[in-house]
1. Taking only pairs six or more apart or across chains, which ones have beta-carbon atoms under 6 Å, a first residue in segment 159-185 that is touching a residue at least 12 places away in the same chain (Cβ under 8 Å), and a second residue that is in a helix (DSSP H, G or I) and within 16 Å of ligand 1 (Cβ to nearest atom)?
2. Looking at the structure I just gave you, is residue 92 more than 27 Å from residue 174 (Cβ to Cβ), at pLDDT below 95 and touching a helix residue (DSSP H, G or I) at 6+ places or on another chain (Cβ under 9 Å)?
3. Considering only segment 50-71, I want to know if a residue exists there that is assigned to a loop (DSSP other than H, G, I, E, B), loosely packed, with under 15 Cβ neighbours inside 10 Å and within 16 Å of ligand 2 (Cβ to nearest atom).
4. Would you check which residues across segment 186-239 are free of Cβ contacts under 8 Å to residues at least 12 places away in the same chain and either in contact with a strand residue (DSSP E or B) (Cβ under 8 Å, 6 or more places away or on another chain) or more than 14 Å from ligand 1 (Cβ to nearest atom) (or both) and list them?
5. Please specify each residue of segment 196-229 satisfying the condition of being away from ligand 2 (no atom under 16 Å from the Cβ) and crowded, with 21+ Cβ neighbours inside 10 Å.
6. Scan segment 126-150 residue by residue and report those that are outside any strand (DSSP E or B), away from ligand 1 (no atom under 16 Å from the Cβ) and touching a residue at least 40 places away in the same chain (Cβ under 8 Å).
7. Of the conditions (1) buried (at least 19 other Cβ atoms within 10 Å of the Cβ); (2) closer than 21 Å to residue 302 by Cα; (3) away from ligand 2 (no atom under 16 Å from the Cβ), residue 237 satisfies every one except a single condition; which number is it?
8. Return the residues of segment 89-118 that are out of contact with any strand residue (DSSP E or B) (no Cβ under 7 Å at 6 or more places or on another chain), closer than 17 Å to residue 211 by Cα and not in a strand (DSSP E or B); say none if nothing qualifies.
Ligand code: PEP
Ligand code: MG
């Protein structure tokens, strides 16, 4: 099925009205890396580092991690790789760590919360990343940031680690970009200063949607109840786009919905200019983006919202059918 997309692999995802959307891929295992070339992805928009921790039966050593990250950067051949620091807890429990018995793990002690409260593992991981990227660009993204202070604290940890590495005589990365995932609704309403300070943001739509609708992403009974194209959710995304534009902050969307063609189109229509998805979705998403006029779609979306519709999906599907 992928053959049909080979002809557009090296072409940009440019719409009929001239907007180009950058398409990146999500990864986490070494086996994902060959797709970087095959899929035509511009880079790795989300590297889920916890996967390397989850496939082992003991905590990986710093030297092992460093070798692994270095290999990831080698394979990327200069394309940007966004390393997301350890996102454990909730659905991702490390077999060699004491499980914490929490009534609501998704709302519990996870991701950056663990990293800030017990910084040992995060520091080790940051050191491994810095060493792997010696003399090359490094991009680090902190998961599950719910308030400005958490980003600042994580950033301070990273700066301290850089100082320590300098003292130890290690070569530092050539450049460093530091960003955060926006996956709790609270962060969308953070002070503008947060948007000014953060290096870039990536919307983690899987979690953002789960928290926005208060519907467990793992629970089949409620998971599909709320459409991603629900006008309330799209309004939230639009608001985030506006806030990033005010601060000139780079924004991407890296949840699973980025890889669903109709969702991807709608995100692009409301201003998202970078999407990160599983490699196999890049072809279908690009192919559709190249065939639409985003300005037209934007008014279809806004008209549906103004008519009071719950989701813009019927209107968008109808529009796509009428143009086929
Ligand atoms: C997300 O929440 O959308 C995301 C990309 O992170 P994960 O799916 O790993 O929680
Ligand atoms: Mg998430």
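The values are calculated or read from the model by the stated rules, or taken from the named source; none is laboratory data. Only a predicted model underlies this, so the values are computations on that prediction, with no experimental measurement involved. No Cβ is skipped: glycine too gets one built from the backbone with ideal geometry, and neighbour counts run over all protein chains shown.
1. Close Cβ pairs (under 6 Å, with a partner that is in a helix (DSSP H, G or I) and within 16 Å of ligand 1 (Cβ to nearest atom)) amount to 183/207; 183/208; 184/211; 185/211; 185/212.
2. Taking the combined requirement at face value, the residue satisfies it.
3. no
4. 189, 214, 219, 220, 221, 222, 224
5. 198, 229
6. Residues satisfying the conditions are 126, 127, 128, 129, 130, 131, 132, 133, 136, 147, 148.
7. (3)
8. Across segment 89-118, the qualifying residues are 90, 91, 103, 104, 106, 107, 113.
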